[in-house]
Structure formats: C-alpha cells, structure tokens
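This report refers to the structure that appears directly beneath it.
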Amino acid sequence: MRYLPLTSDDRTAMLATIGAASIDDLFADVPAEARLEGPIAGLPDHASELAVERHMGALARRSRAAGEGPFFLGAGAYRHHVPASVDHLIQRGEFLTAYTPYQPEIAQGTLQMLFEFQSQVARLLGTDVANASMYDGSTACWEAIVMARRITKRAKALLSTGLHPHYRSVARTMAKYTGDVLVDGDPRLEAGTDWAALADSIDKDTSCVVVQYPDILGRIDDMTKLAEACQAAGALLIAVVTEPVALGLIKSPGEMGADIVVGEGQSLGVGLQFGGPYVGLFACKTKYVRQMPGRLCGETVDANGKRGFVLTLSTREQHIRREKATSNICTNSGLCALAFSIHMTLLGEAGLRQLAAINHGRAKAAAAELAKVPGVSVLNNSFFNEFTLLLPTAARPVIHKLAEKDILGGVSLGRLYPDNAGLENGLVVAVTETVTEADISAFAAALKEVLA
Amino acid sequence: MTALNRAGWRPEMNAAGGADDSTTFTGNRALMLEEALIFEIGGSETTGVDFDEAAPAADLGALARTAPIGLPGLSESETVRHYTRLSRQNYAIDLGLFPLGSCTMKHNPRLNEKVARMPGFADVHPLQPQETVQGAYAVIHELAEWLITLTGMHSVAMSPKAGAHGELCGILCIKAALEARGEDRRVILVPESAHGTNPATAAFAGFTVEDIPATEAGRVNLEALKARLGPDVAGVMITNPNTCGLFEREMKAISDAVHAAGGYVYCDGANFNAIVGRVRPGDLGVDAMHINLHKTFSTPHGGGGPGSGPVVLSAALAPFAPLPFVTKHGDDFRLIEEENAGEDHPQTFGRMTAFHGQMGMFTRALTYILSHGADGLKQVAEDAVLNANYVLRSLEGVLDAPFAASGPCMHEALFSDKGLAEGFSTLDIAKGLIDEGYHPMTVYFPLVVHGAMLVEPTETESKAALDQFIGALRSIAMRAKNGDPALKTAPHFAPRARLDETLAARKPVLAWEG
C-alpha cells in the first residue's frame, strides 16, 4: 500500500498514545448494525502500479482518440493543439496539489494567476470584470439567468433557439424548480439567427435574453441592436460563447453591448477530456459585480505595503452568506483556469488572432470542399470554425457509417435534437487548426461514398 | 513591438514601502522570487506559439474584431519562468502536511495523472459516436459500480461537477420525488454545523432552510429534529461524519424519523474518507449522498478545483436521477440520454450539465480506487482516523478540544480558541503555523465552536510528520497563551505578510487596469 506511510509499529505506538486498545475502539460511535467486519465483499484488493496501468490502458484503447484520424466534432467542445508547456506547468505540484487560496500569504501563486485569468477573460469577452471560473459553460449559463433575475427582479428569460441544447436542458431542469419562466425552442434550418425576432419578443416581464455566439449551428451575427432592445426594456443581454478562440477574429459580445458574457473555456489549454473537467467563464459589467456567483480574486496590499492578491467580495458566497448566497458554488475549475490562462499567455494577442484566422480559413476551405459532395449544402451565411451541413438524408446514420471508415464527421442534429425530425438532415461540422487538408479530402470522399 | 507594460517591470515596486527587505535591488530574496503580472512583462506582438502558415484573410465585415483586445503574450521561455515562479509562492500538499479540516488534503498519486492523460480518455469528444468511446463509458461504469458497492446504495448519478453540484443533484431528486408524490413540501432542515453549501444549495433549488439544533456533544439533537418534522418538511441535510469530526451516532434513528414523517435524508459525503470501507451509508438510511472524488478518492484540488461530485441514491430516489448515464449490456456500454430515457427512466429530473461529468476526475479516482482495493480503502479510513485521534490526544492538553471528552473523533480533530491570551485569536495561531512551514488548519469553521480550528491530517502523513506538526502547533499554542506579540504580526517568513482584505473588498480591483 504505497500511499500509506504508517508502519504497524507506528500504529501500535499511536494507539497507545491515544489510549485505545485497537482501531475498532476509534469507530465505537458507529452503531453496531452499520459496522462492517473485514473488507467489503466482492471487490478486489490493492494492486501494483503496473497492474493498474495495464487495466486502465486496456480501457483507454477501447476508445478512438480524436488525434488518431480525421476529426470534425465541435458543438460545445473543440479540439485545439495545446502547447506542451501548458500541461507541464499545470502539473507542478505547487499548482496541482494546492487548495483554494484561503491563506493568501502562501497562495500568491494561485491568486496572481487567477487575477491574470480574470483580466484575460474580461478583455477577451469585452467586459469589465470576470470571476475565477465556474464548472463549465452550461452551468455558467444558468447562473447568468439567475443573476439577471436578481438584478431585474423579473423571472422570464428568452432563450435564443441557437443556444446549445444541453445548455437549454440545464436551464429547463433548474427552472422547473425555481419558478423561472423560460421561452425557448429548437432552431430552424435557416441561414441567419433568430435575434431580430427575439428583440421583438422582449416585454416588461423579460429579465434577460440569452444568445449564443457563434451559435449551435455555427452562425454569427451582430448583437448590437438586440443589446439596445434589451436596454430599452430594462432586460439584460446574456451572451454565451462556447468557442472563445472565435473572439480572436470576431467582435466580443461585450463590445456589442452584452451585459453578462458566459462561456466554455475548454478550447484553450484544457482539451476534450470527454466532456470534463472544463472551465466556465463568467464576466459582466462592473455595476453587477456584487450579484456575481463564484470566487473573485482582487488586488490589495500586505502589511508591508507590497502588492498582493486575495479572494474578495466573499460576502456573496455560500461559506459566508449560506442560504442568502448568490450561488451554492464552492469548488470551481481552478486548474483548468490555469491551463486556459497559460495557453492564452503563450498565444498572446497576436497568436490568438492568427490561430483564429487559421481556424476560420480552414473551416471555409472545408465548407467549400464538402459543399461539392452531391446533395450536400452549407446552411450558414456566416460562421467562424463551425458550420452546419444539410445532407440529403438523416445525418445520424451517416455519422456511424463515417465512423466505420474511421472518420469522426461532426455532430448530427439528430443526436442534439432527437425529438425534432425536421432537423435530422443537419450535421454540425467543426474545423480547427488540428484538421489537415488531407483530413478534409478524406472526409469529403467518405461522405460522397456514404451518401451515394 | 507594442508593449502593454507602459511602465515595464518596476524593481522599486517591491522596495516601495517594503522596509523589511528593501536591501536587494530586485526585491527578491534568494529563492524567494518576485514576479510581475503578465500585463507588465508581456507584449501584444509577442507570442510563444509558432504556426505553420500565415493568417489567411477573412471577410467578416462589421463583425471583424478590429480594436485591440489587450492580451499580453510571452515567449515560451518567459511563460515557463513566469508560472514556475508563481508556483513557488504556493503552499501545496507536495511540500508538506496540509491539515485543512473538511478539505482532505491527501497525497495525490502521480499514476492518476499519467492515466488521465491516456489519449483514449483525454482526447475523446463527449459527442463521439457511442461505438467509438466504449472505453470511456467503461471507466464511468466501473467507477459507478465501485461507488455503489462502497456505499451500499442503489445507484449513482455521475454527472455532478463538484460537491455542491452533487448536493444540488440530490436535492433535485428529492424535489422530483415529492412532485411525483403530489406533495409540496418546502422546508429543508440543516444543522448549524453544516458546510455553507448545504443551505445555499437548498435555497438555490427553491427550498426554505431551517436550522436543526445540536447537542452538547456536537451532534444533531434528535428530539429537536423529531419535534420539527411534519408535512412541510421535504428532508434533512446531514453531514456524517459531521463537521466537528464526529460520527452521528443516531444517524439511523434520524433517518427512520425523517422517513416516518415522509421526508428524505440527504447526507453530505464530504467526509466519506473517514468511513470508506468500514461503514456503508446505505445501512444508515441515507437517500442521497455526494462523494467528493477530489477528497476521498484523491483527485487533485488544483488550487480550487476541478472537483467531481457523483451522488449515490437510494431506491426511492434513483428513478429521478439526472441524464445522461451509462448502462452495460454484455460487453458493451450505452449512454442513456434524453432520447432513449423514455421507457427505462421516464421520471428523470433532466440534465444538470452539458455532457457526462468530470471524466478526467473519473479516470483519476478509479485509478486510485484500484490501487488501494477494498483492503486498502479500509486502511485509508483507519489511518485517517488514527492520525486525527493522535493529533487530538497529543494536543488536548494545550488547546481546548470541546468534544474530546465525548470520545474519539473521526478523521479530523476540532479545537477552540478558549484559553488564549487576551487579544490573541485563532487567526494568530493559523498565521504562526505558516512561519513554521505548514498550511494552517481550517479556521472559524464549523461555526458552532468559538474560534474553531479543524485539523485533518489525512492518512498519507507519517508518524514522524505528525510528531513534527504537533510540536509546531504546541509551540504556537503556548506562544498564543503567553501573549507573544510577534505572533500578532505573523507570518514573517512568507512571500507576503498579512494582506489587507478590507481594502480589497472596499475598493475592488478585479482586473488589471493598466
């Protein structure tokens, strides 16, 4: 038992100090009927590092890793190249095995990193302030809706049909129990967004309008007018960004007037990881900061006048305010925030802009190539690195046939909207810098074969 | 090159006002290295990433981002140095004993990190076709089986993202179960000693929260609880072992009473590490309990997450568990989502996060569990409890231990500030420990004890490490009792002295404004 340093002599000596005859004496408070004798039956005993690695390695090989061949999935999780130094740095024990920085004198490393992360996120999203992270984009989205309710004292949220259906599901789950009213629906297979119609739907009960940018079908649009409509009606505009790399190329939601911007930060530094852990981004205008959920890191000075950083405004949080807190969140995604921040620092503004431009260029090339496949067309009139293909047949079976040819060819709308037959021919395709020209050609050729 | 750092790196930044160490030009003190913000040392044209191709032209019209974003870049060498320097300003379990009560800072095995990075786990997309991610589903399923068996519960919801998210999962299951029964119960009872997340979670889900009083022995007052139960009470949230480090001896009676009154029992499983392999919560009448994989099963805390909070459920609550989840059919695994939940799982309360949960934590936790096995996990609990009692009995003569007389503690030892010299507090003891090379224990929690100090050594500390810690804490306790003024200004040897938290809150600076 390689992780347990006590020897049996130690245990004997310690029991003597305690004044207990045996370890069982220390569990005397456990009622007899709940006390187990011996290890729990039916479970294996401890194993060597080699044996465990072998077992887990065998499981890992049962999945087809994205990097093993052509890969075009997005829909809320994007595969980007992560520089080697990111993973090296986040594995430094002082970051990896630290706790939440509650003792700031010996946690300045984490705190300064969080301050830098918050600053990077705020600038990227175009807002004044950002918090120290949430679990992921979907939970951040719900927290934003709740925050808008607190600020506006209204409880009706209008969700764009372009919002990721999982994000919508999370909101629906919570709204069932909180009394919030959600106005939502499935997307339509149209080239543009539903934002103009949304602007017309705002009324005096509307707390917020939630739009995704780029949206679930990959569409991008200008939200300036929508922001103005929200402001005129006393509602807040919440923008959701699931692909932050896009903001190296297109205007940020904050620039266009969004009040709260949330997002999924996974695409920088974190990797796919089969859906988690990811890192929720949460940013807003300064005037709303005291209604924000989650941890915030702020600058201050120490007793000698040196600059330092602390967790602050914690009277919003559960450990102080308990049932009156702005959220129940405690643990967030600190290490993923670090990965995001390091990757962003390595890129810098110039690198981010170039990365974004390469993504967009590669996606445009892929869209052009795939649109040449007989019967296939591109839905979008605008996109960043992800677009929706319309196939002449249901996309889901096509996905499986492509997988047989070792091509992971996107996410079918049938998977995302199983109850909506009208969407079943849609296929959402993401194209990042990790996709090669050969991958695109192979995808197009295979798609042609499958559809033939 | 455009520099964002208009002022550049300012060596005098450290010297200014820093009378204690203004003797070096840089503000550094040998291995204690100061580090500026990336915004002060980076530039908007600098990058640490090379691309194989030039940026192609884009035609995005009015949507094109033209204004400067204000993001600094560093070369790779500067990046590595920046974050390495920052890391050295952190305390961590890799550096020493980290006795943070209720947080379970135990050793994080590196095998777990290696396994989590295998491409079949780290480089798979959550929406890949199911036939291409069978190995990932297998991990989720295998870990789920372990959690169910170790807790003696009916089933487990794997998707919650952290402990508090797990609490929310359990509370929503209770809401859904009540709804299915056609009952509108609005009250959740929570002991005063509970983690703040408990009442916050109940409120987040729309419940009203009421306190349950405690006994003199630091446990739930069963009679008071029984008196409050009624048709408006949806359930209770009990932490067991509780935040005083004590086992709730009457847990089964509590569960029976709550069930008899038509309510459900939520158990905060943050302290499951004290009983894993020795006690199954399912035998105590629990309906739902989250398990912090980052505590009991040693996935790293990472400076504040990510966590992972699977929730084990009783047969009564299992039908309401969230989507998605994994089922096994022969050698194959299937993901149950919205579209196929219909017949088998029609009462689900829905989805509480995008995708399937914290896969990266599942691989680490399963690796940890397989390494220990059933015998090792039992030893984990026993050593954790032994270490805590060793600390309790070694220090009870020096520090007030309010519940020591009531018997052994579980995995953590609780002390109060009673008996310290006038003007000396728990905070001073905590800051004194920093100078001794330790992270302080949890302070001022639980709220039910004045000036609480909650010490959780965990099972991964040797006797020698405990003896040194006990010596250090005894020494500081004596200084606090004797009124040593130097303790009031501790820490003296940390990268920073006490920080002005009032200033930070009064004039918030939450982003770089240069």
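The values are calculated or read from the model by the stated rules, or taken from the named source; none is laboratory data. Just so you know, these numbers come straight off a predicted model, no measurement behind them. For neighbour counting, all protein chains shown are included, and Cβ atoms are generated from backbone atoms with ideal geometry for every residue, glycine included.
Residue-wise test of (1) modelled with pLDDT of 95 or more; (2) in the same structural domain as B:Ala214 (by TED's automatic domain parsing); (3) farther than 27 Å from B:Ile212 by Cα.
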residue: B:Val156; (1), (2), (3): yes, yes, yes
residue: B:Ser159; (1), (2), (3): yes, yes, yes
residue: B:Ile174; (1), (2), (3): yes, yes, no
residue: B:Arg181; (1), (2), (3): yes, yes, no
residue: B:Glu192; (1), (2), (3): no, yes, no
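If you filter the range A:281-329 down to residues that are of a type in the set (A, V, I, L, M) and at pLDDT below 95, you find that the one that is nearest to A:Tyr167 (Cα to Cα) is A:Ile329. Reported count of residues in the range B:178-211, each being more than 7 Å from every other protein chain (Cβ to nearest Cβ), within 24 Å of the chain's Cα centre (by Cα) and surrounded by fewer than 22 Cβ atoms within 10 Å (Cβ to Cβ), is 2. Across the range B:36-59, the qualifying residues are those that are at the interface with another protein chain (Cβ under 7 Å from one of its Cβ atoms), of a type outside the set (Gly, Ala, Ser) and crowded, with 18+ Cβ neighbours inside 10 Å, and the one among them that is farthest from A:Gly254 (Cα to Cα) is B:Val49. Test B:Glu343 against the criterion of being out of contact with any His (no Cβ under 7 Å at 6 or more places or on another chain), without any contact (Cβ under 8 Å) to a residue 40 or more places away in the chain and either crowded, with 22+ Cβ neighbours inside 10 Å or not in a helix (DSSP H, G or I) (or both), and give yes or no. Against the criterion (out of contact with any His (no Cβ under 7 Å at 6 or more places or on another chain), without any contact (Cβ under 8 Å) to a residue 40 or more places away in the chain and either crowded, with 22+ Cβ neighbours inside 10 Å or not in a helix (DSSP H, G or I) (or both)), B:Glu343 qualifies. Evaluation of A:Leu226 against the conditions (1) of a type outside the set (S, T, N, Q); (2) in contact (Cβ under 8 Å) with a residue 60 or more places away in the chain; (3) farther than 25 Å from B:Gly70 by Cα; (4) not in a loop (DSSP other than H, G, I, E, B) shows that the sole unmet condition is (2). Looking only at the range B:376-399, residues that are without any contact (Cβ under 8 Å) to a residue 24 or more places away in the chain and touching an Asp or Glu at 6+ places or on another chain (Cβ under 6 Å) come to 0 in all. When the range A:295-305 is filtered for residues that are surrounded by 23 or more Cβ atoms within 10 Å (Cβ to Cβ) and assigned to a loop (DSSP other than H, G, I, E, B), only A:Arg295 remains. Which residue is farthest from the chain's Cα centre (by Cα), if the candidates are limited to the range A:19-42 and must be among the aliphatic types (A, V, I, L, M) and buried (at least 17 other Cβ atoms within 10 Å of the Cβ)? Checked the range A:19-42; the qualifying residue farthest from the chain's Cα centre (by Cα) is A:Ala20. Inspection of the range B:161-177 finds no residue satisfying the criterion of being in contact with a strand residue (DSSP E or B) (Cβ under 9 Å, 6 or more places away or on another chain), outside any helix (DSSP H, G or I), more than 9 Å from every other protein chain (Cβ to nearest Cβ) and not charged (D, E, K, R). For the range B:34-49, the criterion of being part of a loop (DSSP other than H, G, I, E, B) and over 30 Å from A:Thr127 (Cα atoms) is met by no residue.
Listed by position, the helices (runs of 4 or more DSSP H) contained in the range B:413-508 that have at least 1 residues being of a type outside the set (A, V, I, L, M) and either at the interface with another protein chain (Cβ under 10 Å from one of its Cβ atoms) or under 24 Å from the mean Cα position of the chain (by Cα) (or both) are B:426-435, B:463-482, B:501-506.
When restricted to residues that are polar (S, T, N, Q) and part of a loop (DSSP other than H, G, I, E, B), the range B:116-143 contains 1. Cβ-Cβ distances below 9 Å connect the following pairs, each with a first residue in the range A:237-262 that is away from chain B (no Cβ under 13 Å) and at positive phi, a second residue that is among the aliphatic types (A, V, I, L, M) and in a loop (DSSP other than H, G, I, E, B), and a separation of six or more residues or different chains: A:Gly257/A:Met223.
For the range A:318-339, give me the residue count where each residue is outside any loop (DSSP other than H, G, I, E, B) and surrounded by fewer than 24 Cβ atoms within 10 Å (Cβ to Cβ). Within the range A:318-339, residues that are outside any loop (DSSP other than H, G, I, E, B) and surrounded by fewer than 24 Cβ atoms within 10 Å (Cβ to Cβ) number 6.
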